[in-house]
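The values are calculated or read from the model by the stated rules, or taken from the named source; none is laboratory data. This is a predicted model, so every value here is computed, not measured. A quick note on method: Cβ atoms are made from the backbone with ideal geometry, for glycine too, and the neighbour counts reach across all protein chains shown. Keep in mind that these areas ignore ligands, DNA and RNA; they rest on the heavy atoms of the full protein, side chains included. Shrake-Rupley method; radii C 1.70, N 1.55, O 1.52, S 1.80 Å.
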Amino acid sequence: MEKVRCSLSRKVAMMILLFAFLLAAAAAFVSYYIFAKTVDNYYGHVTMSIAKTAAAMVDKDLTKYYADAIKEIYLADPAPEWNDEEEQAAYLAKYDALKTEGYQQLFDTLYKVREANSVMSLYIVYMDQQTKTCVYIVDADTSEKACPAGTWDIVYEQNYEALSHPEGGFPAYITRTEEFGWLCSAGAPILDEDGTVIAHAMVDISMDNVMKARHSYLFKLMILLITLTAILTGLAIRWMNQAVVKPIDSLTFSASQYVQEKSEGRQGGAFSVFDRLQIRTGDEIENLFCAFRQMEQDINQYIEDITLVTAEKERIGAELNVATQIQADMLPGIFPAFPERKEFDIFASMNPAKEVGGDFYDFFLVDEDHLALVIADVSGKGVPAALFMVITKTLIKNQMMMGGSPKAVLEAVNNQLCENNEAEMFVTVWLAVYEISTGKVTAANAGHEYPAIRRAGGSFELFKDPHGFVLAGMENTRYKEYEMELHAGDTLFVYTDGVPEATDAGQTLFGTERMLNALNGKCDSDPEKLVGGVKDEIDRFVGEAMQFDDITMLSLQVADSM
């Protein structure tokens, strides 16, 4: 036999070493990159969420008042310089007169958000595009590092684009300075009712510990991968040097014989072909042999198990059907709902994306002259959302029947839902009370979609009401109440986000514009036909695409005449 210049085991060993260390290096790079991006994205999301929360919670009127006042003082002498502390104090003294009770209220609101989220800095600023500076309005900081009203700072060049379009806010970005170290910062616009940017709520989160953790993670990852690579490579080389070909060939032959016997309908006597084969290598090959030997038993067991699983699936399906019926029965489903009341007509529908859903609607007479209207959307889908929906619906109705206003009801239910909310679920709610005798509607919106209103003889338009924070999102959240009137022939339409966010096969959204067109196409119809017409348009738009979200709609129409 010709002498082998380089044995197969040596070639395999060298190849295993090379690929193992290349794989370890690639794994270290990819793992660190994914870890770093995940951490950065997480903190960016958290920072922007806190900024948006602060922007939503502060009083817009107070913010606008102090922003305008500080802007007026600042623009008289933009971006001033001072040479010593006395000049600085003299400059800042111009703003002292603004620190009234309302200013303290803004400060307290920001301070609560800051303390609740343990952020490094939380402040409201006015952005001056001409000087590319930000002027502090309120800084929720009680330390010496706080920036008093009127203090100004430059805007980083990377934020010039956001400065030109302030309505989009300042997306989260990470910076490093000698004074503050690593920071993750973001800003959310505080908008007036007409959508005008009043100021920006800015948040800074310290990233120093995060960066240290990233470097420590990389070091430990490299040590771990090198160690594991060395150990696994040694084991692989040792395994390759053992005589494994013959046992594998034996297993291959026996497996083929087993398949042949099964295909011919032969059972192989009292023992299977694997029982007649004896392999005692003491390694993975023996495990493989044992696995093959158990194959027939496992296949039979699998058939038995799949039968049981099928029966269990049918049982679960039956229970979900019952749950679907129970949920449907919880919602008002008999129409006309109030046949004895000729002053108005009402209709609603809910189509869950799964067997059970998280959307719900409700309407009921609080007394003979007041009709409560509710539509809500719980985060998530399926059974968890349905359970949360039942709790929310019950709490809202109980509070309403006790005589609370929409604002008071939302605030009370919000605090109740926040208790023991380990699943961190939330719900958007539009709640209103319709005074039948006068047509006055008193409503409050907890992060829900804008309602649509059609005046008699007109067309449907969105009513952009003031939005509050979602229920179960944060304890002691305050909500704004507003009023509007419905006259003879007017129609109110409220809905969940499953309507405008219905998606076709091309991932195109149905959208608010198509919804309004669908409403106006049926504007002279009664509520039942109106809701049905919108659902038909959604079905026609979506086509064969799967429904991803619950679709819930409610319409109230005031009678033309009594």
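Here Thr512 meets the list (1) open to solvent by 30 Å² or more (accessible area, probe 1.4 Å); (2) of a type in the set (Val, Ile, Thr); (3) closer than 21 Å to Val558 by Cβ almost entirely, failing just condition (3). Based on this model, can you work out whether Ala488 counts as buried (at least 16 other Cβ atoms within 10 Å of the Cβ) and either in contact with a strand residue (DSSP E or B) (Cβ under 8 Å, 6 or more places away or on another chain) or among the hydrophobic types (A, V, I, L, M, F, W, C) (or both)? No, not satisfied. Residue count for segment 488-514 under the criterion of being under 21 Å from the mean Cα position of the chain (by Cα) and under 24 Å from Ala446 (Cα atoms): the result is 12. In segment 374-387, the condition of being touching a Lys or Arg at 6+ places or on another chain (Cβ under 8 Å), touching a residue at least 12 places away in the same chain (Cβ under 8 Å) and among the aliphatic types (A, V, I, L, M) is met by at least one residue.
Apart from one condition, His215 fits all of (1) open to solvent by less than 70 Å² (accessible area, probe 1.4 Å); (2) out of contact with any helix residue (DSSP H, G or I) (no Cβ under 7 Å at 6 or more places or on another chain); the exception is (1). For Glu449, the conditions (1) outside any strand (DSSP E or B); (2) open to solvent by less than 40 Å² (accessible area, probe 1.4 Å) all hold with the exception of (2). Taking Met222, is it of a type in the set (A, V, I, L, M) and either open to solvent by 60 Å² or more (accessible area, probe 1.4 Å) or out of contact with any helix residue (DSSP H, G or I) (no Cβ under 7 Å at 6 or more places or on another chain) (or both)? Criteria met by Met222.
All told, Ile538 falls short of being within 22 Å of the chain's Cα centre (by Cα), at pLDDT 90 or above and on the phi < 0 side of the Ramachandran plot. Selection within segment 452-472: residues that are aliphatic (A, V, I, L, M) and part of a loop (DSSP other than H, G, I, E, B). The member of this set that is nearest to Phe426 (Cα to Cα) is Ala472. State the number of residues belonging to segment 329-376 that are of a type outside the set (Phe, Trp, Tyr) and part of a loop (DSSP other than H, G, I, E, B). Of the residues in segment 329-376, 20 are of a type outside the set (Phe, Trp, Tyr) and part of a loop (DSSP other than H, G, I, E, B). All conditions in (1) of a type outside the set (A, V, I, L, M); (2) in contact with a Pro (Cβ under 9 Å, 6 or more places away or on another chain); (3) modelled with pLDDT of 90 or more; (4) closer than 23 Å to Glu501 by Cα hold for Asp377, with the sole exception of (2).
Restricting attention to segment 418-446, the residues being in contact with an Asp or Glu (Cβ under 9 Å, 6 or more places away or on another chain) and part of a loop (DSSP other than H, G, I, E, B) number 5.
Just one of the listed residues (Ala97, Ala56, Ala51) is modelled with pLDDT under 85 and on the phi < 0 side of the Ramachandran plot, namely Ala97. Within segment 435-446, the set of residues being open to solvent by less than 30 Å² (accessible area, probe 1.4 Å) and farther than 15 Å from Val409 by Cα comprises Ile436, Gly439, Val441. Of the helices (runs of 4 or more DSSP H) entirely within segment 79-191, those holding at least 3 residues that are surrounded by 18 or more Cβ atoms within 10 Å (Cβ to Cβ) and in contact (Cβ under 8 Å) with a residue 40 or more places away in the chain occupy 101-117.
Conditions tested, residue by residue: (1) open to solvent by less than 20 Å² (accessible area, probe 1.4 Å); (2) touching an Asp or Glu at 6+ places or on another chain (Cβ under 7 Å); (3) assigned to a helix (DSSP H, G or I); (4) within 16 Å of Ala443 (Cβ to Cβ).
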{"position": "Val383", "(1), (2), (3), (4)": "no, no, yes, no"}
{"position": "Leu387", "(1), (2), (3), (4)": "no, no, yes, no"}
{"position": "Thr394", "(1), (2), (3), (4)": "no, no, yes, no"}
{"position": "Gln399", "(1), (2), (3), (4)": "no, no, yes, yes"}
{"position": "Gly404", "(1), (2), (3), (4)": "no, no, no, yes"}
{"position": "Lys407", "(1), (2), (3), (4)": "no, yes, yes, yes"}
{"position": "Leu410", "(1), (2), (3), (4)": "yes, no, yes, yes"}
{"position": "Asn415", "(1), (2), (3), (4)": "no, yes, yes, no"}
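Every condition in (1) surrounded by fewer than 19 Cβ atoms within 10 Å (Cβ to Cβ); (2) within 13 Å of Asp377 (Cβ to Cβ) is met by Thr503 except one, and the failing one is (2). Can you pull out every residue in segment 503-562 that is part of a helix (DSSP H, G or I), more than 22 Å from Tyr361 (Cα to Cα) and in contact with a Gly (Cβ under 7 Å, 6 or more places away or on another chain)? Within segment 503-562, Gly521 is the sole residue that qualifies.
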